[in-house]
Amino acid sequence: AELYEQAIKYEKGSFITSTGALATLSGAKTGRSPRDKRVVRDDTTEGDLWWGSPNIEMDEHTFMVNRERAVDYLNSLDKVFVNDQFLNWDPEHRIKVRIVSARAYHSLFMHNMCIRATPEELENFGTPDFTIYNAGQFPCNRYTHYMTSSTSIDLNLGRREMVILGTQYAGEMKKGLFGVMHYLMPLRGILSLHSGCNMGKDGDVALFFGLSGTGKTTLSTDHNRYLIGDDEHCWSDNGVSNIEGGCYAKCIDLSAEKEPDIFNAIKFGTVLENVVFDEHTRQVDYSDKSVTENTRAAYPIEYIPNAKLPCVGPHPKNVILLACDAFGVLPPVSRLNLAQTMYHFISGYTALVAGTEDGIKEPQATFSACFGAAFIMMHPTRYAAMLAEKMQKHGATGWLVNTGWSGGSSYGSGSRIKLSYTRKIINAIHSGELLEANYTKTEIFGLEIPSSIEGVPSEILQPANTWSDKKAYNETLLKLGGLFKKNFEVFANHKIGKDGKLTEQILAAGPVF
C-alpha cells in the first residue's frame, strides 16, 4: 500500500486498475536492451565466461565511472527505495540481494519477483551477496569508453554489483540477477535453468524449456499440477528449486478463458507494466498494444492458487524441450536420448512466424543456446554437460515437443497443432504412458516417434503423413536440418571433457544427411 501511494503521488503514469493492480509506465524502454549490457572482464571472469554476445566486455575503470554516476544520482534524491530479499528457495544455496532504486514501481516489482524475507530474516540480513544500483531515470555518458548509447546495464562479478543507467524497464533487474545466478550456481555444481517447472500430485517433477511463444508458461501452469515456478530454476543435489518469488507474465491478449490463473492474479499488489485502460472505469484492455506488445504483470507466486510453497521439489523425471516449428516438419512429440537432449538444448530452436509485411514468405528460424542465450554466462556446453549428468544420475527422460505447425509450413497448407492435443501429449509424458509406447525413428533428425497417444489422432504424430506434398516436405526437412547444422558450427569446435568424446556424441545426435 505504501509503495502504491508513493507511485501515484510521485510517478507520472501510475494508476490503480479496476481489479486493484498498480499500472505503471516504464518510459522510453519497454523491453530489455541486450546490446547495452556489459560485463567486467577481469581475473575473476577472464577464463570462466563465454565472451562476445551475450557477454560484451568492459573494464573495471569504466564500471567505476558508471557506478559513481549512478550513486551520485541516487544520493541527490530526496528518497531512495531499498529492498533486501533472497534468490533461490533452496535454503542451502540462497543468495542475499539488495536493490537500491529511485522508483516505487521498481521497488514493488522486485518485492514481487524476489523471495520476500520475514521480519526476523530482515533483522539479521547482514551484508548482501549482490547489490543492484538502479539509476535508470538517469542516462550514462555516451562518451564514456565502451558505451554505445545512453543506456548501460553493467555487471561486475568481482565486486558483486550491478549498475543500471538510462532504462526504467524493470525486467533488466530480474534478468540481470538471473545472469548472476547463471555464474554463481555452476561454480557450486548447481545447474541454473531458464525453464518452467511443475509437479504432479505424486511428486513427479517436469522441467519445461522453450523460447518466447512456444507455450512454456501456458503448459507449465496446469490446474492438475503444482506450480514450482514459471521461469528460472536451479537443479542441485537436493532437487529442483525456483530462483524467484514471483511470476512475470506476458499480458498481451490475456483473457479469463484462456489463462484464468494469470488473469486472476492481477489484483492488489500486482504491478502491470505499460498496459492501456479505460480512463473512467480503469478496466484494462489487454488487446491494446499501443504502448508496447510486451505488456507484463509481476505478481507474487502465491497469487497462483496451485503454487507449491516453498517452491522446491524432488529431482525432475521429465525434461521437456518446446519448439514452435513454423516449418511444420518436427513431430508433435519425440523421445530424445541423452546426446539428442544435449544437442537440442544447446541449439534452443524455435521458428517464429515472421511479419508478412516485409515480404518474407517463409518462417524465420531462431536459435538461442540453452533456451536463454541472453542470460547464460559460461559456454553453453558447460550447462548442457551438467544437464546430461543430472538427467543420467536421476533417470530423467528428454522430450522434444512441437507446439507449432503440422501438415505444411505456416506459409503453406499447414495448421497449428491444437493446444488440446499438446496438453494430452504433455499429460501422457507426465503419467508415464509415453514411456510404454512403441517408437519409430524419423529420417534426418533421427527422432523417436510414438505410434499412438490416447486422445491424439495417430496420423498427426508422423509429420511425413500429414503433408499432401511429399516433395515439399522433404525439401523443408532438409532445409531445417541445414539450419540446425549451420547454427551448431559455433559449438562444434568446443571440446567438452579431456578427450572431447562427448562433443562427438552430441554432434552425431544432430541431423544426418
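The values are calculated or read from the model by the stated rules, or taken from the named source; none is laboratory data. What you see is a predicted model; the values in this text were computed from it and never measured. Neighbour counts are summed over all protein chains in view; Cβ atoms, including those assigned to glycine, are modelled from backbone coordinates with ideal geometry. We work out accessible area using only protein heavy atoms, side chains counted, and drop any ligands, DNA or RNA first. Shrake-Rupley method; radii C 1.70, N 1.55, O 1.52, S 1.80 Å.
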Check your understanding: Under the classification rounded if a/c is under 1.5, otherwise prolate if a/b is larger than b/c and oblate if not, where does the stretch 92-156 fall, given a ≥ b ≥ c as square roots of the Cα gyration tensor eigenvalues?
Key -> prolate
Exercise for review: Could you tell me which of G446, N402, L480 has its Cα farthest along the dipole of the stretch 359-496 towards the positive end, charges placed at Cβ (Lys, Arg +1; Asp, Glu -1), taken about the Cα centre?
Suggested key: L480
Check your understanding: Reachable aspartates and glutamates from K216, Cα under 16 Å, same-chain residues fewer than 8 places away excluded?
Key -> D230, D231, E232, E259, D261, D325
**Study point:** Accessible area, probe 1.4 Å, largest first, for residues D59, D237, D202
**Key:** D202, D237, D59
Review point. Which chymotrypsin sites (Phe, Trp or Tyr not before Pro) does the stretch 59-150 hold that lie in a coil by DSSP with at most 16 other beta carbons within 10 Å?
Key: F125, Y143
**Study point:** For the chain: accessible area per residue (Å², 1.4 Å)
**Key:** 41
Practice item. Would you mind classifying the stretch 4-150 by shape? Square roots of the alpha carbon gyration tensor eigenvalues, ordered a ≥ b ≥ c; an a/c under 1.5 is rounded, otherwise it is prolate if a/b is larger than b/c and oblate if not. Key: oblate
Check your understanding: So what is the 222 nm mean residue ellipticity for the chain from helices alone, if each DSSP H run of at least 4 adds -39500 (n - 2.57) and you divide by all residues, rounding to the nearest 500 deg cm²/dmol?
Key -> -8000 deg cm²/dmol
Check your understanding: Straight-line reach from K174: which lysines have Cα under 16 Å away, leaving out those fewer than 8 places along the same chain?
Key -> K29, K37, K96, K250
Check your understanding: In whole percent, what relative contact order does the stretch 158-254 give with Cα contacts below 8 Å and a gap of six or more residues?
Key -> 23
Review point. What is the chain's relative contact order, in percent, from Cα pairs under 8 angstrom and six or more apart in sequence?
Key: 14
Review point. So which of K12/K79; K289/K418; K424/K485 end up more than 24 Å apart, counting from Cα to Cα?
Key: K289/K418; K424/K485
Revision key, fill the gap. Excluding ligands, DNA and RNA, the carbon-plus-sulfur percentage of the accessible area of the chain with a 1.4 Å probe reads 51
Review point. So which GluC sites (Glu not before Pro) in the stretch 1-88 are both in a DSSP loop and have at most 15 other Cβ atoms within 10 Å of their Cβ?
Key: E46
Check your understanding: What trypsin sites (Lys or Arg not before Pro) does the stretch 1-102 have in DSSP loop regions with at most 12 other beta carbons within 10 Å?
Key -> K12, K79
**Study point:** Of the DSSP H helices in the chain, those whose Cα atoms cover at least 24 Å axially and whose Kyte score averages -1.0 or more
**Key:** 171-187, 470-492
Practice item. Determine the distance separating the Cα centre of the stretch 298-330 from the Cα centre of the stretch 1-60; give it in Å without decimals. Key: 24
Revision key, fill the gap. Restricting to lysines and to Cα separations under 24 Å from K479, and discarding same-chain partners fewer than 8 apart, the set is K361, K441, K470, K471
Practice item. Using Cα pairs closer than 8 Å and at least 6 residues apart in sequence, work out the relative contact order for the stretch 313-445, in percent. Key: 35
**Study point:** All Cα pairs of the chain, percent lying beyond 35 Å
**Key:** 35
